[in-house]
Amino acid sequence: MGQSKLVILGTGGTIAGRADSQSQGVGYKAGQITVQSLLEAVPDLEQQARGPVQTQQIAQVDSKDMGWPVWRALLQACARALEDSETRAVVITHGTDTLEETAWLLHSLLPPIKPVVLTCAMRPATALLADGPQNLRDAVTVAASGARSGVWVVAGGEVHAAEQVQKVHPYRLQAMRSFEGGPQALVEEGRVRWLVPDAPFTRPALPVPKPSDLLSLDELPWVEVVFSGALARASGVDALVAAGVRGIVVAGTGNATVHEDMEAALLRAHDKGVWVWRGTRCAEGLPVAGGSALNPVDADLAQLPVAKARIAMMLALAAQPRG
Ligand code: SIN
């Protein structure tokens, strides 16, 4: 029969959200409507999918509350679908708030052998002009179109790479963007128009655990982001270290510089074995190597936006031999 099936995994989010009235765009409850019901809002979904569609409800969460048990179940479901010779591609419905983190996790861990397409919505499914059905249709179009393998995010008619996607607006429909670049493709009237040539799949050279080791964990190593700026203090960092944090990503000023009081605390943390990566709180750009006393090696500069760097550090810590 060949690779004909599309697997759609539901995790919750605003795309599955329900409000008390059609005009309510905030204050609704995310993760209320089943993924199977979401399909009913897209009349030609099977046609766009070019074959049968199979759904699985992985979770019903507001993605701000994303936890390791849901990520683990999602990873397992994706791995099963990628291994299944009858499955062509995977679509995942997800909240917008931590979508860039889930996209990064999947990009870091899944083999790039089939398309895995995440989608979302800014308005609940009950809204007068809900954006979820169009986003879901577009995601299915991308997944079924023989799209490039790897992890993609489809929203607002745009296709973003997992490495680049970021949520940049709390309300408007066009809330996702590609960091330091534009979208990779556009979805127009049920067709995908790629804007960039197909390129070899790459991942940053950061360690990740073996899937079997990762899936046996009850939780991922604890990593926090601290924010440096005017009046930044040492005490927050000291408290995290005392509480057992394993890693800290500092959202530094400008070129990943850190307030001297906080920097002293981070150096103390580093000396106690806590991993410290310096990133920048700037909305654009990444830190350029050279010049800081904080980390002895510039490799500890986070060459990712801090939200993704935090997940990358969790995975890198989880890949360390267990002592
Ligand atoms: C969520 O992230 O689950 C809620 C917000 C959204 O999907 O836009």
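The values are calculated or read from the model by the stated rules, or taken from the named source; none is laboratory data. What you see is a predicted model; the values in this text were computed from it and never measured. Reconstructed Cβ throughout: ideal geometry from the backbone, glycine too, with neighbour counts over all protein chains shown. These accessible areas exclude ligands, DNA and RNA; they are computed on the full protein's heavy atoms, side chains included. Shrake-Rupley method; radii C 1.70, N 1.55, O 1.52, S 1.80 Å.
Structure notes:
- All of 67, 13, 95 fail the test of being under 24 Å from residue 319 (Cα atoms) and within 16 Å of the ligand (Cβ to nearest atom), apart from 67.
- Residue that is polar (S, T, N, Q) and open to solvent by 30 Å² or more (accessible area, probe 1.4 Å), where the choices are 145, 178: 145
- For the range 52-69, the count of residues that are out of contact with any Leu (no Cβ under 6 Å at 6 or more places or on another chain) and farther than 30 Å from residue 210 by Cα is nonzero.
- Single condition residue 137 does not satisfy, out of (1) more than 14 Å from the ligand (Cβ to nearest atom); (2) part of a loop (DSSP other than H, G, I, E, B): (2)
- Picking from residues in the range 148-175 that are of a type in the set (Val, Ile, Thr) and surrounded by 24 or more Cβ atoms within 10 Å (Cβ to Cβ), the one that is farthest from residue 51 (Cα to Cα) is 165.
- Residue pairs meeting the criteria (Cβ under 7 Å; at least 6 apart or on separate chains; first closer than 12 Å to residue 165 by Cα and open to solvent by 10 Å² or more (accessible area, probe 1.4 Å), in the range 96-111; second in a helix (DSSP H, G or I) and more than 15 Å from the ligand (Cβ to nearest atom)): 100/308; 101/308; 101/311
- In the set (1) surrounded by fewer than 24 Cβ atoms within 10 Å (Cβ to Cβ); (2) touching a residue at least 60 places away in the same chain (Cβ under 8 Å); (3) not small (Gly, Ala, Ser), the condition left unmet by residue 122 is number (1).
- Pairing residues of the range 248-274 that are within 23 Å of residue 317 (Cα to Cα) and surrounded by 22 or more Cβ atoms within 10 Å (Cβ to Cβ) with residues that are modelled with pLDDT of 95 or more and among the aromatic types (Phe, Trp, Tyr), at Cβ distances under 7 Å and at least 6 apart in sequence or on separate chains, gives 251/227.
- Scanning the range 188-244 for residues that are β-branched (Val, Ile, Thr) and either at pLDDT 95 or above or open to solvent by 70 Å² or more (accessible area, probe 1.4 Å) (or both) yields 192, 202, 223, 225, 226, 237, 241.
- Residue within the range 89-110 that is of a type in the set (Ser, Thr, Tyr), under 18 Å from residue 204 (Cβ atoms) and part of a helix (DSSP H, G or I) present: yes
- Lone qualifier among 50, 18 - being out of contact with any Asp or Glu (no Cβ under 8 Å at 6 or more places or on another chain), more than 16 Å from the ligand (Cβ to nearest atom) and open to solvent by 20 Å² or more (accessible area, probe 1.4 Å): 50
- Qualifying residue in the range 63-74 (condition: basic (Lys, Arg) and under 21 Å from residue 109 (Cα atoms)): yes
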